[in-house]
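Step one of this worksheet: look at the structure below.
The values are calculated or read from the model by the stated rules, or taken from the named source; none is laboratory data. The structure displayed is predicted, hence computed values, not measured ones. Here the Cβ positions follow ideal geometry from the backbone for every residue, glycine too, while neighbour counts run over all protein chains shown. Accessible surface areas use protein heavy atoms only, side chains included; no ligands, DNA or RNA. Shrake-Rupley method; radii C 1.70, N 1.55, O 1.52, S 1.80 Å.
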There are 4 protein chains.
Amino acid sequence: MIGIGLVGFGYWGPNLARNFQSLPQYQLAAICEMNPERAALASQNYPTAAVTTDYAAMLDMDGIDAIVIATPVSTHFELTRAALLAGKDVLVEKPFTRTSAEARELIDLAETRGRIIAVDHTFLYTGAVQTIKRLVEAGELGKIVYIDSVRINLGLFQSDVNVIYDLAPHDLSITQHLLERDPVAVQAVGASHAGNDIENIAYLHLEYEDNLIAHFHVNWLSPVKVRHFLIGGTSKMIVYDDMQPSEKVKVYDKGIVIKEGDVESLYRVYVDYRTGDMVAPKLPFGEALRVEAEHFAECVETRCRPISDGHMGLSVVRVLEAAQRSIKHHGDRVELSSI
Amino acid sequence: MIGIGLVGFGYWGPNLARNFQSLPQYQLAAICEMNPERAALASQNYPTAAVTTDYAAMLDMDGIDAIVIATPVSTHFELTRAALLAGKDVLVEKPFTRTSAEARELIDLAETRGRIIAVDHTFLYTGAVQTIKRLVEAGELGKIVYIDSVRINLGLFQSDVNVIYDLAPHDLSITQHLLERDPVAVQAVGASHAGNDIENIAYLHLEYEDNLIAHFHVNWLSPVKVRHFLIGGTSKMIVYDDMQPSEKVKVYDKGIVIKEGDVESLYRVYVDYRTGDMVAPKLPFGEALRVEAEHFAECVETRCRPISDGHMGLSVVRVLEAAQRSIKHHGDRVELSSI
Amino acid sequence: MIGIGLVGFGYWGPNLARNFQSLPQYQLAAICEMNPERAALASQNYPTAAVTTDYAAMLDMDGIDAIVIATPVSTHFELTRAALLAGKDVLVEKPFTRTSAEARELIDLAETRGRIIAVDHTFLYTGAVQTIKRLVEAGELGKIVYIDSVRINLGLFQSDVNVIYDLAPHDLSITQHLLERDPVAVQAVGASHAGNDIENIAYLHLEYEDNLIAHFHVNWLSPVKVRHFLIGGTSKMIVYDDMQPSEKVKVYDKGIVIKEGDVESLYRVYVDYRTGDMVAPKLPFGEALRVEAEHFAECVETRCRPISDGHMGLSVVRVLEAAQRSIKHHGDRVELSSI
Amino acid sequence: MIGIGLVGFGYWGPNLARNFQSLPQYQLAAICEMNPERAALASQNYPTAAVTTDYAAMLDMDGIDAIVIATPVSTHFELTRAALLAGKDVLVEKPFTRTSAEARELIDLAETRGRIIAVDHTFLYTGAVQTIKRLVEAGELGKIVYIDSVRINLGLFQSDVNVIYDLAPHDLSITQHLLERDPVAVQAVGASHAGNDIENIAYLHLEYEDNLIAHFHVNWLSPVKVRHFLIGGTSKMIVYDDMQPSEKVKVYDKGIVIKEGDVESLYRVYVDYRTGDMVAPKLPFGEALRVEAEHFAECVETRCRPISDGHMGLSVVRVLEAAQRSIKHHGDRVELSSI
């Protein structure tokens, strides 16, 4: 059984706690939380876990094998570093770190010490993304020519990171998982409406080799919640609408047909479209976080590399860093090789 | 009664013909169409209209007061110019022209000759946009801070203009109508997948003074049709979803509240959100094109300036031209004052 | 070319006129309409058709081969009878007649005179129903065990017939078309809220042999428009949602599995469900009324029996009559053999 | 603090346990569960609760003030009776009992012993139903003329009760809560497709005094999950769609207008409709079960009658019993006074 020390019982921590508590592979041994009210709640719900405000003490406790970090981004580097140095495996919230330099240092440290880093890119463990990944690998979509995602809602404006750091990691990790390659360049534009220079609406544009583009709209100031992920392929196209209670993934047998044409007409069309059936594949069932926790347990026990390991985390952080640089320069094109 | 000469009985022409035929203010006197098959169809449906292939002859016919132009963009300038020179009022398809220079020349010509130019920005005549305009004018939204539109579908790839010229005029005319000011700068990115250097997917980003932004996603290669127009205001926010059979416009009493905060906590939030009721106002009923045709009749009879006149058409074309320049330079920021 | 005399230019008549005008197989020769305002509109839109208030005169005109009847139900019998006696083929609005006795008399008359009766059950000519019919015939659904339809909206309360006569003919004709058999018994309940004893909300329940049931909710007093048609089969199930702009027909690979079970537990379940992919088949494109008009032309030219002939019309009327009798007796079960 | 003994850790029990565990008013003292696998899960998640298979022993334990019953319907009477006799307050799953006789006996027993019975009609504690109740009480809807609910999905076929006993209690409790009166008569039709005479699809029709009707479609064999509750009033109408992630309750300012009319025309309409804005009121936030648990704690502490007390439970059971009698007699009308 893997002893877990959880740090952070704020917004996401309770979801992690619930899953680690209910899985027989784990023992939720301790919870570190500074806020007295949240700490009391942790005690109420998990009476058998030690609740503390002292992170260093938790690292020293007996029976703690892995540290799960659910604190603000700005603390990830220090908390992860300390955990690795204490010989613990780590599962850390997304985004991995604030900068690619921090991410690289942690990856090196984990490799030196033989420790596992998993980044909590939860969406990779959903039935939806698993199914899309399978379809992409099977070549069902043909060549992917564009990805477009809209991830907007009325969200809590954060005070340490902008909306890109908050929401885009979901799109970036899914995109990285599906494409298995980094973009060449990144552009980002946006605006801040809270008077604090922290963007609450932003658009990211990623250029890949071979005429592929990806575009993400992330927004904390939308009256409606939208989770609409679109993948255009030369054979088929996918709409992944995470707000649907069922049939979240729809595969459209639609596309274009380039026609040979020399008609001398103003109405001539060289490109026609074809349209066929739509299929919504049955998706694997289960809470993504539970699937992820089971995967992490397996990695810890067999010393394997997680699907969302430090390198995946780094790929995401590199794009975030490039986007941050671009958005501060009116959307200038930032080459990823510069990060 | 206003005698109408319609040129172009392709995709949109039949809708224009049907409305002009059924309104008592008009006499659909002639239809000019080069394609024999389409011309035969015109005769079948409108047996009392003269059907011809000779545009110059139609301009010379008795009883033609106004010319309605529903042909490809590249022909708009010449056809409109000839009509104005022949002393006709003109209703021309969107976009008005290919370049701002053409648009300016036609506006000058119409003013010199005392003729009316209306550009067929049909959406301005929908009950939805009329209602949104009324709400904006009444100050219901507070200050508008962003506009975002997604206008995507599997569309006929056109051979003379890209997707920006095809779809963005709708968003640009609505935005111009609501804001009554031009953007300061435009950026556009996109891609072409038909091997002809004509973009079939594009993103436009418009910067306005006073921290306002607008962003449009236009796309001919989407498996699903989306018409989702979002307006973020400091008091209220609007979602205009044109794919809904009813309740197309929803007004959300939602927004953010900037809080005074000095809490020394990692979880501190200086910005909170508030959320209230949503109202879907009753919309005026009626086909937009019919409303527009009635408005055009009134303008012709009273010699008034149409809501979507040449100046509105020019505003739209200027942004299109700036976007075109930007998209060919990887999304470089193009100031509108340079157009 | 088939000369058409249309009687009734009220709500539905203009749709019929438009289709007959635009099809080369037809000549829209005359329109009979009593209301002067509607008659003027008919003249405006169809300047080449003779517009009259004299039905008998229209029957006598040269060049009239078929009569199309789009008048209130109470007039169908007399108008159809006169047309048949004058040697015309007839296309008549649904429902065919008010009573089964009337329907039988018209069928006999048409057979004696060698004339064609088509009843305008338009839905049978939609791509959706054609596709469902094909799937049912191919055995894709297994055995059909239930049909459920909700067809509700805020509708014009009619003064000569109740909501069952207005809306249920759609469900009844589709159901008859798919099942190709009559129900054994009918029950109907409902209520009238306009103080005129004409039900504006009603529920029909049809019993078929072999444990099959069908249930229809029809309603003129619903704030929302719903068109939701559900077919439960032992192999697959279909949802046909006519309010969707696309993917109107969805085929679910879902069902139940009867398990052998003798577990002595309070939680035991003998029946489990299975769930697979959902497919939304590509539907044939085109306006149903146009498809129907083309089919009627073919029947007139080749003297064939239409898909929605008098016998289909009679099947529908028999159920309406049984439902009417049931609803006036608090939902008593009325055997169809008594009609 | 109220000590809780929970019996049943099957499908719904874990939700109850989670809420009682997380509320400071309660101590989840014991869980009674016969199935070893489920009992082990209870121990894993609630290590501080005593887990037992002996219900009588749990009733005897120290520190148990109230019993929460989440077992199959057939056991409700005996378990509730034993708990009341042991001096405990009781929260019991819906439906309260199988028969009205059982319900009446338990109500009498509770009154004699001064104990509280709450029936877990969870929907009454949702923000949606609370809001609808408030609107109805404020007279916003005018006079309610009909209620229609569709509650269908692919559900686990139960072996001790039919779909009416499983799903209709939700609709019946909401309806009872809103109307505060019993129906006069009940009719039910349905079918069983699992070969066990337990209906998996059913329609209930309730007649009330004053021309009000209610109709419920409940179904375990639907490929799609629908939760669509419609309330027609003379002033306004409500759609409560529980499948929507937000804006679950929509209030339509729509209705009919009875017109004075003596026009001698076939197209005359005596009833017209009016249509205004739609409002989706902001709903109170929070998990219904948590709200209910807090309400139960308050009732236990202040010895007040719960909103969903035994009498509410009895009202629901009476209709279930009448429906059961009707469905076994082909939908015969069963007067509620006979139950």
*Degrees, to the nearest 10: C:127-137 long Cα axis against longest axis of chain C*: 50
_Cut-off 10 angstrom, C-alpha nodes, Gaussian network model of chain D. Which of D:VAL92, D:VAL119, D:VAL279 fluctuates the most?_
D:VAL279
*For chains B and A, what's the summed buried accessible area, probe 1.4 Å, to the nearest 100 square angstrom?*
4900
_Could you check the spin-label model distance between D:GLN25 and A:GLU209? Points 7 Å from the Cα along Cα→Cβ, value in nm._
6.4
*asked:* List, by residue number, every residue in segment D:135-174 with a reduction of 30 Å² or greater in accessible area between the chain on its own and the complete protein assembly, 1.4 Å probe.
replied: D:VAL145, D:TYR146, D:ASP148, D:LEU154, D:LEU156, D:PHE157, D:SER159
*When every alpha-carbon pair in segment B:94-175 is counted, what percent end up more than 21 Å apart?*
47
*Listed residues A:THR175, A:ASN19, A:VAL249: farthest to the positive end of the dipole of chain A (Cβ charges)*: A:VAL249
*asked:* Could you work out what % of the accessible surface of segment D:1-127 is carbon and sulfur, using a 1.4 angstrom probe and leaving DNA, RNA and ligands out of the count?
replied: 52
*Taking only protein heavy atoms and a 1.4 Å probe, what accessible area per residue, in Å², does the protein assembly as shown have with all protein chains in place?*
38
*Separation between Cα centres of segment A:121-199 and segment C:1-39, rounded to whole Å*: 56
*About its Cα centre, what dipole magnitude does segment B:2-122 give when the only charges are +1 on Lys and Arg Cβ and -1 on Asp and Glu Cβ, stated in debye to the nearest 20?*
220
*Whole-number D in µm²/s for chain D (Stokes-Einstein; Kirkwood sum over Cα pairs; 10 °C, 1.306 mPa s)*: 74
*asked:* I need the peptides C:281-291, D:6-16, A:163-173 ranked by packing, meaning the mean over residues of other C-beta atoms within 10 angstrom, with the highest value on top.
replied: A:163-173, D:6-16, C:281-291
_Under a Cβ-only charge scheme (Lys and Arg +1, Asp and Glu -1), can you give me the dipole magnitude of chain A about the Cα centre, in debye to the nearest 20?_
460
*For D:ARG325 paired with C:MET61, estimate the spin-label separation in nm (one decimal), with each label point 7 Å from Cα along the Cα-to-Cβ line.*
6.4
_Reciprocal mean inverse distance between Cα atoms of segment B:120-250 - Kirkwood radius, Å_ = 15.3
*Near-label residues of segment D:53-82 by backbone N, under 17 Å of a point 7 Å along Cα→Cβ of D:LEU156*: D:69-76
*For n ≥ 4 DSSP H runs only, could you compute -39500 (n - 2.57) per run for chain C, divide by its residues and tell me the 222 nm figure to the nearest 500?*
-10000 deg cm²/dmol
*With axes computed from alpha carbons, what is the tilt in degrees of helix C:36-45 against the longest principal axis of chain C, rounded to the nearest 10 within 0 to 90?*
90
*asked:* Can you give the local net charge around B:LYS250? Use residues other than it whose beta-carbon is closer than 14 angstrom to its beta-carbon, Lys and Arg +1, Asp and Glu -1.
replied: 0
*Remind me, what semi-axes does segment A:64-137 give for its equivalent ellipsoid, largest first in whole Å, using sqrt of 5 times each Cα gyration tensor eigenvalue?*
25, 13, 12
*Report, in cubic angstrom per residue, the convex hull volume of the C-alpha atoms of segment A:2-122.*
92
*Under unit Cβ charges (Lys, Arg +1; Asp, Glu -1), what dipole magnitude, rounded to 20 debye, does the protein assembly as shown have relative to its Cα centre?*
0
*Among D:CYS304, D:LEU84, D:LEU230, whose Cα lies farthest out toward the positive end of the dipole of chain D, if unit charges sit on the beta carbon of Lys, Arg (+1) and Asp, Glu (-1)?*
D:LEU230
*Might you work out the accessible area of B:THR53 for me, using a 1.4 Å probe with all protein chains in place, and round it to the nearest 10 Å²?*
90
*So what's the protein assembly as shown giving for Cα Rg divided by 2.2 N^0.38 Å, two decimals?*
1.00
*asked:* Quick check: the angle from helix A:13-22's long axis to the longest principal axis of chain A, C-alpha only, nearest 10 degrees?
replied: 70
*Mind checking C:222-235 for the average number of partner chain beta-carbons within 10 Å of each residue's beta-carbon?*
5
*Roughly how much of A:ARG318 is accessible, in Å² to the nearest 10, using a 1.4 Å probe?*
40
